[in-house]
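**Q** Structure in structure tokens, see below.
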Amino acid sequence: MEILYLLLPLSLAIVAMIGAVLWWAVFSGQYDDAEQAGLSILHDDDHTVS
Amino acid sequence: MKPRSSSSSQTAAHSQTAAYSQTAAYSQTAAFSQTAAHSQTASDPQTTAHAVGNQSVAQRRRGLVRLGLAWLAMMQVMMFALPGYLRPEAGGQDSLEVLDWAIFLMNWASLTLTIPVILYSAWPIWLGCARAWSARRITMDVPVGISLFAAFIPSVMATFKGAGEVYFDSITMFVAFLLTARYVEQRASLVDSVACTQNVPARVERPLSGVAPAQTSLAGLSMPLSTGALRQTSVPATGIPSGLRVSAPANMASVSLPLMAQANRVATLFVLIQLTVAAVIGAVWWVIAPTQAWSVLVSLLVMSCPCALSLAAPVSLAALQVNLALDAPLSTNQREALLERTVRITRQNLYGALAWHVLTMPMAAIGWVTPWLAALSMLLSSVAVLLNAWRLYRPRRAGLSRAVGVLTQNQHRRA
């Protein structure tokens, strides 16, 4: 059971890592608009193609 | 769209980027900046609109991170709580010793994870408590803050002592569920407030027959599932699919304001009663069985959170807005029926949530409901309210696909 001394800090470190990645993902704007990407096919700019 | 001048295409480009950078629910500001750009007013309101937009985007992102962190911590803390769940069934003295050692370690790990939840994720709750305190008013944050406090402090003490119950799992669960309900509520009431208080000048140059321009301003309102696409089409007046134009009911405010007021009254009264009942029952338990008193008190306090109550009015009003904004102009009869349905569903939500609380409270009072179960029940009632409001919105969902269809045609025509 001494393995807990390794596993518990490891799990905390992983949680912290996931939290940091979530933080970065949200604040870099990835979750700002979840629909635009799917609709982007409707907005392609046809002007430039003459 | 041939006769568009270069300046108006610049406007379109500007509003397109606005549409891209704004999120769907924050379309209030996007719509505003579009309107400002369109009516070619001075750049001043435009910049303020941008400032407001940036602020609300940052707010939303922070809310999302708070929510995500709370859920993450909740899942991990629940795993750490497992030895604690097993302890009552532990066999011999030997295994009990090992288990207690494991519980001691796990409690420390849980505490490490709960501290950021309390300090960061629950920050809006503490702010709300401070506001309520300075205004000498009971709000929803008060019972939430009290229950978090009542659960957290004894848990920390138990962790340091290495003996006794900890409620870290309930705390993180409660915060995660509560923030989820709040997040939904904020998005819903935002959509709602756009519609109710919108005094943006009408963006439609050619009013529909029989509809005053002031009332068509709702057309710019987009919906929770709105897409930049819908907004974008409404930039050039000729590009607005007629299906998107809405005649706002003149009596919109007359429907929404009393409903909101009613919901607030019910929620405040409910919180007051719940707090009193929790205090009384907690005291009774303290006299009869002091070991369980704290758990009962915490679950009663968790249960006293009127999330579902506060969700009731905003979500159904938001659903009403979506209906009005999406669909083809409604006839008077249809509109009346829709408003009636909204009022009915809001009342159902309000009193259904109340009934749920009244039913579950005695169970918590007898000690059947553990704190984490109370948190779960809170979430379930909120979800039920959401689903009920969604009923209002579902029959007209077809409107969106029609709108997108019109949009694609428009794009072709423009090209």
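**Q** For the range B:325-347, give me the residue count where each residue is modelled with pLDDT under 75 and either assigned to a helix (DSSP H, G or I) or crowded, with 19+ Cβ neighbours inside 10 Å (or both).
**A** Counting residues in the range B:325-347 that are modelled with pLDDT under 75 and either assigned to a helix (DSSP H, G or I) or crowded, with 19+ Cβ neighbours inside 10 Å (or both) gives 3.
**Q** Also, quick follow-up: Among (1) aliphatic (A, V, I, L, M); (2) more than 7 Å from chain B (Cβ to nearest Cβ); (3) surrounded by 10 or more Cβ atoms within 10 Å (Cβ to Cβ); (4) more than 27 Å from B:Leu111 (Cβ to Cβ), which single condition is A:Ala16 missing?
**A** The failed condition is (4).
**Q** Can you work out which of the residues in the range A:31-50 that are closer than 30 Å to B:Arg60 by Cβ and not in a helix (DSSP H, G or I) is nearest to the chain's Cα centre (by Cα)?
**A** A:Tyr31
**Q** How do the pairs read when you match residues in the range B:354-376 that are without any contact (Cβ under 8 Å) to a residue 60 or more places away in the chain with residues anywhere that are acidic (Asp, Glu), using Cβ under 7 Å and keeping only pairs 6 or more apart or on different chains?
**A** Matching pairs, first to second residue: none at all.
**Q** Just one of (1) within 30 Å of B:Leu96 (Cβ to Cβ); (2) within 8 Å of another protein chain (Cβ to nearest Cβ); (3) part of a helix (DSSP H, G or I) trips up A:Leu22, so point out which.
**A** Exception for A:Leu22: condition (1).
**Q** Separate question: Could you please tell me which pairs satisfy a Cβ distance under 8 Å, a separation of 6+ or placement on different chains, a first residue in the range B:255-284 that is over 30 Å from B:Leu297 (Cβ atoms), and a second residue that is not in a helix (DSSP H, G or I)?
**A** Cβ pairs passing all conditions: B:Val255/B:Pro249.
**Q** Considering only residues that are modelled with pLDDT under 90 and out of contact with any Leu (no Cβ under 9 Å at 6 or more places or on another chain), which ones fall in the range B:134-148?
**A** B:Ala135, B:Arg136, B:Arg137, B:Thr139, B:Gly145
**Q** Specify which of the listed residues (A:Ser28, A:Ser11) is closer than 19 Å to B:Ala70 by Cβ, polar (S, T, N, Q) and either at the interface with chain B (Cβ under 9 Å from one of its Cβ atoms) or within 20 Å of the chain's Cα centre (by Cα) (or both).
**A** None of the others qualify; the one that does is A:Ser11.
**Q** Among the residues of the range B:67-87, which ones are more than 10 Å from every other protein chain (Cβ to nearest Cβ) and within 24 Å of the chain's Cα centre (by Cα)?
**A** B:Ala70, B:Met74
**Q** Give me the helices (runs of 4 or more DSSP H) completely within the range B:88-162, filtered to those with at least 3 residues that are crowded, with 16+ Cβ neighbours inside 10 Å and within 14 Å of chain A (Cβ to nearest Cβ), ordered by residue number.
**A** Counting at least 3 such residues, we get B:93-116.
**Q** I'd like the full set of residues that are free of Cβ contacts under 8 Å to residues at least 60 places away in the same chain and among the hydrophobic types (A, V, I, L, M, F, W, C), limited to the range B:71-94.
**A** B:Leu72, B:Met75, B:Met79, B:Leu82, B:Leu86, B:Ala90
The values are calculated or read from the model by the stated rules, or taken from the named source; none is laboratory data. Only a predicted model underlies this, so the values are computations on that prediction, with no experimental measurement involved. Glycine also receives a Cβ, built like all others from the backbone with ideal geometry; neighbour counts cover every protein chain displayed.
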